[in-house]
Amino acid sequence: MVEVFDGTDLRDRMSVRPVLLGALAVDHTRLDLTYPGARGWTLNATTSADLMVFNYAPYRSWYALNSDRSHTLEGSPLTFNVHPSGTAASESDLRHHGECLFVEFRDGLLDDALREASGLEAIDRSLMMLSDRKVTALACTLRDAVITAHRSKPLDTLYVEGVSLALRAALAGAYIPHGKELPKMLGLSMNDPRIGRTIDYIEAHLGEAMTVAEIAAVACLSAGHFSRSFKATTGQPVWAYVQRRRGERAKELLLTTQLPVAEIAYRCGFANQSHLTACFKQQFDVTPAQARRELLS
């Protein structure tokens with residue numbers, strides 16, 4: 001479930017607030033996309049959830065973590081900081097030239113990701129000014145999702161959830177000691193009844209809103225474990241599989257019924273006719289109307 005917010009909550013804990021560009025909540029993860037404004041921003045609080053701050057541009061900040069001793073940090077673009085829940089953080093943005101994404105992972109989700117990836121028990125320390133290609137790609141994707149939702153455009157819930165899960169796993173990897181052997185994530189057999197159950201569930205609910213956690217529950221797996229296992233087994237992330245099947249179902253209805261395109265969009269789980277048209281053209285290189293015309297001709 002993806003929800004759009006007005007950006008209160010995290011910003012309420014800031015004595016100097018940044019300009020809000022958009023806010024989302026997905027699967028107990030809160031995203032706030034901000035711009036520093038004329039006075040930057042100042043946070044003085046004990047974090048109530050694991051917090052990642054991703055910087056899209058160069059910045060200079062003053063910060064103190066769990067102490068009165070302060071430091072000045074010159075940050076490079078496309079770097080991030082992570083603060084575990086319970087960190088007494090004082091941070092002031094002194095000079096910032098671009099957007100910043102605050103991501104709060106609630107209910108121990110980052111700990112769960114670390115435990116699944118490595119067997120380690122908890123996120124135990126702050127990490128400052130890290131750079132990671134995968135985290136950067138995911139943070140940029142989430143930025144686009146926040147902007148899309150803020151503009152009231154259709155948003156693929158499963159896609160955003162999948163990216164959020166991948167970001168958790170990537171951040172958890174930053175806490176794994178260098179050189180530690182990690183268990184390899186193996187796919188499930190296509191004959192595994194858990195895969196069969198999830199595919200049957202997806203087929204039966206293509207016209208409804210679905211979440212990764214909901215589908216994972218059918219397989220009796222956690223959302224993170226299920227997402228990685230499903231991709232390893234089928235070669236596709238679960239959101240891509242569902243979108244492909246929705247497109248194929250829509251094409252079938254276009255060619256075998258006289259239902260209006262808007263009704264087909266509704267029956268196949270798309271937000272509206274425009275959403276179906278965009279996804280259909282990406283998948284089949286023609287619009288729904290063109291596909292139907294080609295059949296009649």
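The values are calculated or read from the model by the stated rules, or taken from the named source; none is laboratory data. Fair warning: this is a prediction, and the values are worked out from it, not measured in the lab. In this analysis, Cβ positions are derived from the backbone assuming ideal geometry, glycine residues included, and neighbour counts consider all displayed protein chains.
Please specify each residue of the stretch 233-246 satisfying the condition of being surrounded by 20 or more Cβ atoms within 10 Å (Cβ to Cβ) and either of a type in the set (S, T, N, Q) or more than 19 Å from the chain's Cα centre (by Cα) (or both).
Gln243, Arg246
Can you name every one of the strands (runs of 3 or more DSSP E) wholly within the stretch 57-153 that holds 3 or more residues which are at pLDDT 90 or above and buried (at least 17 other Cβ atoms within 10 Å of the Cβ)?
Per the criteria, 79-83, 100-105.
Considering only the stretch 233-265, state which residues are within 18 Å of Ala217 (Cα to Cα) and not β-branched (Val, Ile, Thr).
Of everything in the stretch 233-265, those that are within 18 Å of Ala217 (Cα to Cα) and not β-branched (Val, Ile, Thr) turn out to be Pro237, Trp239, Tyr241.
So, in the stretch 122-147, exactly how many residues are acidic (Asp, Glu) and in contact with an Asp or Glu (Cβ under 7 Å, 6 or more places away or on another chain)?
Total meeting the criteria: 0.
Residue by residue through the stretch 20-45, note down the ones that are assigned to a strand (DSSP E or B) and surrounded by fewer than 22 Cβ atoms within 10 Å (Cβ to Cβ).
Matches in the stretch 20-45: Leu20, Leu21, Gly22, Ala25, Arg30, Tyr35, Thr42, Asn44, Ala45.
Every residue in the stretch 223-263 that is more than 18 Å from Arg197 (Cβ to Cβ), touching a Lys or Arg at 6+ places or on another chain (Cβ under 9 Å) and either assigned to a helix (DSSP H, G or I) or touching a residue at least 60 places away in the same chain (Cβ under 8 Å) (or both), please.
Answer for the stretch 223-263, where residues must be more than 18 Å from Arg197 (Cβ to Cβ), touching a Lys or Arg at 6+ places or on another chain (Cβ under 9 Å) and either assigned to a helix (DSSP H, G or I) or touching a residue at least 60 places away in the same chain (Cβ under 8 Å) (or both): Gly224, Pro237, Ala240, Arg249, Ala250, Leu253, Leu254, Leu255, Val261.
Select from the stretch 268-293 the residues that are assigned to a loop (DSSP other than H, G, I, E, B) and under 23 Å from Ala209 (Cβ atoms) and write down the one among them that is modelled with the lowest pLDDT.
Checking each candidate, the answer is Ala271.
For the stretch 171-200: of the residues being crowded, with 16+ Cβ neighbours inside 10 Å and touching an Asp or Glu at 6+ places or on another chain (Cβ under 9 Å), which is modelled with the highest pLDDT?
Filtering first and then ranking leaves Leu171.
Rundown of residues vs (1) surrounded by 16 or more Cβ atoms within 10 Å (Cβ to Cβ); (2) at pLDDT 90 or above; (3) not assigned by TED's automatic domain parsing to the domain that holds Leu155, yes/no style:
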site	(1), (2), (3)
Ala209	no, no, yes
Ser222	yes, no, yes
Ser227	yes, no, yes
Lys231	yes, no, yes
Arg249	yes, yes, yes
